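Student: To start, I am sharing the structure in question, which I have written as structure tokens.
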Amino acid sequence: MPYFLALDAGTTSNRALIFNEKGEIVSLAQREFPQYFPKPGWVEQNPIDIYSTMSGVAAEALAQSSITAKDIHCLGITNQRETTILWDRKTGEPLANALVWQCRRTAPLADQLKKDGYVDFFHEKTGLIVDAYFSATKIQYLLDTVPGLRAKAEKGQVAFGTVDSYLMYRLSDGKIHKTDVSNACRTMLFNIHTMDWDQEILDLLKIPREILPEVQASASFFGETSSNFLGQSIPITGVLGDQQAALFGQACFAPGEAKNTYGTGAFVLMNTGDTPIQSKNGLLSSVAWQIGDQVTYALEGSIFVAGSLIQWLRDQLGIIEKASDTEAMALAVEDSNGVMIVPAFTGLGAPYWNSYAQGTITGLSRGANKNHLVRASLESIASLTYDVVKSMQKDSGLKRKVLKVDGGASRNNFLMQVQADLLNIPVLRPKCTETTALGAFLIAGMGFHYFKDLDHVKTIWQEDRMFTPSMEENRRQDYLGRWHKAVDHCLSIYPKGGE
Ligand code: ADP
């Protein structure tokens, strides 16, 4: 039987999974690695830790299984996106710690670009909103602050890459310096129309082109791992950024098909087909993947707080013991008794984009109890998702028929039912909730030509449960009216400019 290795390089841990051809997980190993917070808002990782934990879990996953490296057909990589690594092209030595996507230290550089009037320039070329989140300002920062780095870069001695690139470089003992289009498009340096690094952007930001990796289709032959890794060289045939991998793993292959991953935050992605859509509603346009010459685009909306609201109920309020308690507590009451929570702990993301907003709770009465708070919390996660999905429909004109779901909080049946009720479409939960790793395996299978087409890949996706909308229309409208009043109230207390 053929086997496939998926490397899932997450933000806090690395995982290696071996899949069989049916998409069943044969073995899985996971290990966390250290995070560094040198100042408030700064987040770093050591690239050496990223590689060593990944090679460790790959060896562990192989050892746990009954197969040998020879049985592995090919390898796929999925990874935390935007995180920026610079290394010595010859020795492979990292020239600084990785600046993680969450790191806000380059916010002043992004603010300056906005002040100088470059918002539309970047939006039109890259599909992104100018922000410190993306790699561009992180590279600028490193080139300008690490002594000697810019001179070295101009001499062609420096390589830049996101985590996929760095892993491929290390896995191949320095032979591969590449990335795929889904990762390249999150750097804020890549033109999603010409599908190449954008020279005007590179000139504006003074980033030497020589440091950039070669960009390939997501499903393609990137090179082979060195036999120092697992004792056998394995072809790397698929690479996808984590959210795009989840969209692929959810088999959202047709325009209008969408998924939401309910983790710490929530990420909604919708396939928009072969044309990028410029959002007018605060969403990002990304390349979803490229297979052969065929490029597929996606709209993306990020919700900053989802599962972390449940953690807050547990750790700060102490009204639940564990996340899964919330389902029974929400079902123990008929409704939230008028309580509305807008969980803007770190501002509000798409489609509101107000970084000054803070959380609000409205509608408290003497009768409000902890079950009402729990229910209002779960409803708020579904409501924020509703707002993003509606914006996607407005931007794309595409009506979705279902929403596919994954991530830790998608296990909550109450939340999934509310989601179906508010969107008024069925919500589908797959059997395999490891959709990110599944996506890496599937894209590698495509790149290896093991799967002949997407119809073949589709047969691997299996439904666990469908949640069918069952809320009366007038109740739905009444609830959404009250939800939007609560959001308006929150935004009116914390206006955008912070004034
Ligand atoms: P991440 O990948 O962002 O670390 P996960 O996909 O592992 O997140 O999901 C973990 C999150 O899901 C946590 O924030 C947790 O509070 C939430 N969560 C897990 N199980 C449930 C549940 N049954 N109901 C609601 N939230 C849950």
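The values are calculated or read from the model by the stated rules, or taken from the named source; none is laboratory data. Everything numeric here is computed off the predicted structure, so don't read it as measured data. Neighbour counts run over all protein chains shown; Cβ positions are idealised from the backbone, glycine included. For the accessible areas, the whole protein counts, side chains as well, though only heavy atoms, and no ligand, DNA or RNA atoms are used. Shrake-Rupley method; radii C 1.70, N 1.55, O 1.52, S 1.80 Å.
Student: In the range 253-267, what count of residues is obtained for those that are among the aromatic types (Phe, Trp, Tyr) and more than 16 Å from the ligand (Cβ to nearest atom)?
Tutor: 1
Student: Would you call residue 247 closer than 23 Å to residue 129 by Cα, in contact (Cβ under 8 Å) with a residue 24 or more places away in the chain, in a helix (DSSP H, G or I) and open to solvent by less than 10 Å² (accessible area, probe 1.4 Å)?
Tutor: The answer is yes for residue 247.
Student: Test residue 10 against the stated conditions and say whether it is within 16 Å of the ligand (Cβ to nearest atom), open to solvent by 10 Å² or more (accessible area, probe 1.4 Å), within 20 Å of the chain's Cα centre (by Cα) and small (Gly, Ala, Ser).
Tutor: The answer is yes for residue 10.
Student: Right, something else. Give the range 294-310 a look and list any residue that's within 12 Å of the ligand (Cβ to nearest atom) and open to solvent by 70 Å² or more (accessible area, probe 1.4 Å), or say none.
Tutor: Result: 304, single match.
Student: Let me ask you something else. Name the single residue, out of those in the range 393-412 being over 21 Å from the mean Cα position of the chain (by Cα) and farther than 24 Å from residue 344 by Cα, that is farthest from the ligand (Cβ to nearest atom).
Tutor: So, considering only residues that are over 21 Å from the mean Cα position of the chain (by Cα) and farther than 24 Å from residue 344 by Cα, the one farthest from the ligand (Cβ to nearest atom) is 397.
Student: Right, here's the next one. Filter the range 333-350 down to residues that are within 16 Å of the ligand (Cβ to nearest atom) and open to solvent by 70 Å² or more (accessible area, probe 1.4 Å) and give me whichever is farthest from residue 40 (Cα to Cα).
Tutor: 345
Student: For a quick check of your reading of the model, give me the residue pairs whose first member lies in the range 31-59 and is under 13 Å from residue 7 (Cα atoms), whose second is among the aromatic types (Phe, Trp, Tyr) and not in a helix (DSSP H, G or I), with beta-carbon atoms closer than 7 Å and at least 6 apart or on different chains.
Tutor: 50/33; 53/33; 55/229
For every residue, the table says whether it meets (1) farther than 27 Å from residue 177 by Cα; (2) crowded, with 16+ Cβ neighbours inside 10 Å.
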residue: 85; (1), (2): no, yes
residue: 89; (1), (2): no, yes
residue: 93; (1), (2): no, no
residue: 97; (1), (2): no, yes
residue: 105; (1), (2): no, yes
residue: 112; (1), (2): yes, no
residue: 118; (1), (2): yes, yes
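Student: Considering only residues that are β-branched (Val, Ile, Thr) and either touching a Ser or Thr at 6+ places or on another chain (Cβ under 6 Å) or more than 8 Å from the ligand (Cβ to nearest atom) (or both), which ones fall in the range 311-332?
Tutor: Selection gives 319, 320.
Student: Picking from 159, 132, 136, which residue would you name as being crowded, with 22+ Cβ neighbours inside 10 Å, assigned to a loop (DSSP other than H, G, I, E, B) and of a type in the set (A, V, I, L, M, F, W, C)?
Tutor: Testing whether each residue is crowded, with 22+ Cβ neighbours inside 10 Å, assigned to a loop (DSSP other than H, G, I, E, B) and of a type in the set (A, V, I, L, M, F, W, C) leaves just 132.
Student: Take the residues of the range 162-178 that are outside any helix (DSSP H, G or I) and of a type outside the set (Gly, Ala, Ser): which is most open to solvent (accessible area, probe 1.4 Å)?
Tutor: This residue is 175.
One line per residue, one yes/no per condition, for (1) assigned to a loop (DSSP other than H, G, I, E, B); (2) surrounded by fewer than 19 Cβ atoms within 10 Å (Cβ to Cβ); (3) hydroxyl-bearing (Ser, Thr, Tyr):
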residue: 391; (1), (2), (3): no, no, yes
residue: 409; (1), (2), (3): no, no, no
residue: 416; (1), (2), (3): no, no, no
residue: 433; (1), (2), (3): yes, yes, yes
residue: 438; (1), (2), (3): no, no, no
residue: 451; (1), (2), (3): yes, no, no
residue: 455; (1), (2), (3): no, yes, no
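Student: Right, something else. Out of the range 457-499, which residues are within 28 Å of residue 429 (Cα to Cα) and in a loop (DSSP other than H, G, I, E, B)?
Tutor: 459, 460, 461, 462, 468, 469, 470, 471, 472, listed by residue number.
Student: For the range 57-83: of the residues being out of contact with any helix residue (DSSP H, G or I) (no Cβ under 6 Å at 6 or more places or on another chain) and small (Gly, Ala, Ser), which is most open to solvent (accessible area, probe 1.4 Å)?
Tutor: 66
Student: Further question: Evaluate the range 14-35: report whether one residue or more is away from the ligand (no atom under 16 Å from the Cβ), surrounded by fewer than 18 Cβ atoms within 10 Å (Cβ to Cβ) and more than 28 Å from residue 458 (Cα to Cα).
Tutor: Yes, the range 14-35 contains at least one residue that is away from the ligand (no atom under 16 Å from the Cβ), surrounded by fewer than 18 Cβ atoms within 10 Å (Cβ to Cβ) and more than 28 Å from residue 458 (Cα to Cα).
Student: Output yes when any residue across the range 40-56 is within 16 Å of the ligand (Cβ to nearest atom) and open to solvent by 60 Å² or more (accessible area, probe 1.4 Å), and no when none is.
Tutor: no
Student: If the Cβ limit is 7 Å and pairs must be 6+ apart or interchain, which residue in the range 203-225 that is open to solvent by 10 Å² or more (accessible area, probe 1.4 Å) pairs with which residue that is in a strand (DSSP E or B) and at pLDDT below 95?
Tutor: Hits for this filter: zero, empty list.
Student: Looking for whichever is away from the ligand (no atom under 16 Å from the Cβ), modelled with pLDDT of 95 or more and part of a strand (DSSP E or B) here; the options are 237, 272. Which one fits?
Tutor: Exactly one residue qualifies, and that residue is 237.
Student: Also, quick follow-up: Please go through the range 474-497 and give me each residue that is in contact (Cβ under 8 Å) with a residue 40 or more places away in the chain and out of contact with any strand residue (DSSP E or B) (no Cβ under 9 Å at 6 or more places or on another chain), ordered by number.
Tutor: 476, 479, 480, 497
Student: Let me ask another. How many residues does the range 397-407 hold that are surrounded by 22 or more Cβ atoms within 10 Å (Cβ to Cβ) and not aliphatic (A, V, I, L, M)?
Tutor: Adding up the residues that qualify gives 2.
Student: Now a separate question. Is there a residue in the range 378-392 that is more than 22 Å from the chain's Cα centre (by Cα) and more than 14 Å from the ligand (Cβ to nearest atom)?
Tutor: No - not one qualifying residue is present in the range 378-392.
Student: Out of the range 283-292, which residues are at pLDDT 95 or above and either more than 14 Å from the chain's Cα centre (by Cα) or within 16 Å of the ligand (Cβ to nearest atom) (or both)?
Tutor: Once the filter is applied, which keeps residues that are at pLDDT 95 or above and either more than 14 Å from the chain's Cα centre (by Cα) or within 16 Å of the ligand (Cβ to nearest atom) (or both), the range 283-292 yields 290, 291.
Student: Then there is this: What's the number of the condition residue 353 fails, among (1) among the hydrophobic types (A, V, I, L, M, F, W, C); (2) at pLDDT below 95; (3) surrounded by 17 or more Cβ atoms within 10 Å (Cβ to Cβ)?
Tutor: Exception for residue 353: condition (3).
Student: Open to solvent by 50 Å² or more (accessible area, probe 1.4 Å) and modelled with pLDDT of 95 or more - does that describe any residue in the range 368-388?
Tutor: There is at least one residue in the range 368-388 that is open to solvent by 50 Å² or more (accessible area, probe 1.4 Å) and modelled with pLDDT of 95 or more.
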